[in-house]
1. By its C-alpha gyration tensor, with a ≥ b ≥ c as the square roots of the eigenvalues, how is the stretch 65-348 shaped: rounded for a/c under 1.5, else prolate for a/b larger than b/c, else oblate?
2. Calculate, in nm to one decimal, what residue 156 and residue 342 gain on full extension: separation in residues at 0.36 nm each, minus their alpha carbon distance.
3. Classify the stretch 176-320 as rounded, prolate or oblate from the Cα gyration tensor: take a ≥ b ≥ c as the square roots of its eigenvalues, call it rounded if a/c is under 1.5, otherwise prolate when a/b beats b/c and oblate if not.
4. Report the calculated FRET efficiency for residue 263 and residue 116 (r = Cβ-Cβ distance, R0 = 41 Å), to the nearest 0.05.
5. Between residue 190 and residue 302, 0.36 nm times their residue separation minus their Cα-Cα distance comes to what?
6. Just need log10 I(q)/I(0) for the stretch 194-259 at q = 0.13, 0.26 Å⁻¹, Debye formula, equal scatterers on the alpha-carbon atoms, no solvent, rounded to two decimals.
7. Please work out how much length the chain gains when fully extended from residue 90 to residue 331, using 0.36 nm per residue of separation minus the C-alpha to C-alpha distance, in nm with one decimal.
8. State the antiparallel share, in %, of DSSP beta bridges confined to the stretch 65-348, rounding to the nearest 5.
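Any read-out appearing in this document is the output of simple, stated calculations on the displayed coordinates, not a laboratory observation. Please read all numbers here as calculations on a predicted model, not as lab measurements. As a convention, Cβ positions derive from the backbone with ideal geometry for all residues, glycine included, and neighbour counts pool all protein chains shown.
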């Protein structure tokens, strides 16, 4: 009995082992398939990660290239300024006009390029205006030592060339730093602060005989970061500012600036007829407060600033506006508004007659 029972139990165990052995290959195959699928998924993810890494590396390389091209452009601009400026300066000086050189700029298109520039977009305000050195260079400024080194050579080269030149009245080291870009560009904001600080230092180190400034600016929808204005006020020998708005807001701004500094004030941009900024409204305010002023635009031309800022949003170019935004004269020397020119002659004490 024991022998038979033992035999049956052994047989049952053998049968069970045989069944397990039969099932095991199926489970092993299934597990192998799962493992293979997992390996394939892992390989796919690795490939995707590698692709993203390549894209990131390519993007970094492209950014570095743009920064390098912009910095190279700065050197070329310095050389070009030294060659071209004397002729322009002589023409201006011969007519009793002094110059204000602007070294850097944060407004409009953020990626300047070397070579021939694109033609103006018809009917668009300042469509070809570009920032200098541009947003890619500003983003690379802290981490790529070549960028500040090249921009420093540009500044020192230009300023040293004209440091004692009586035709140059003042240096605007940085126009509207952190400024409001074109609708197609990313905002600059505080990315400009390291360059703004260095630009003042480099310009002053060149020992120019002329004063330094950087124009304060404000746009209600995108005000300048406080750090920028504080730096401008601290470093400027002459406190310059821009104003495009009604006369009462101009008076408020002049009052605020006059109470915050004892340095001379100079308005380096105004005149936007559509925004109630006109000669007739603003010149009396400047005269009463003893503030010098430079309006935007003399002759309508390639910059197309007779069109307003918001012409950037027009899908199709519009005809010449009935009311010019900036500028005074047409290319043939005739005025946009003869009554406006007559006011200027009376206010400035010029003789009657002519255009």
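1. Cα axes put the stretch 65-348 in the rounded bin.
2. Additional length available on full extension: 62.7 nm.
3. oblate
4. 0.50
5. 37.3 nm
6. -0.42, -1.22
7. Full extension of this stretch gives 84.7 nm more.
8. Roughly 15 percent of the DSSP beta bridges within the stretch 65-348 come out antiparallel.
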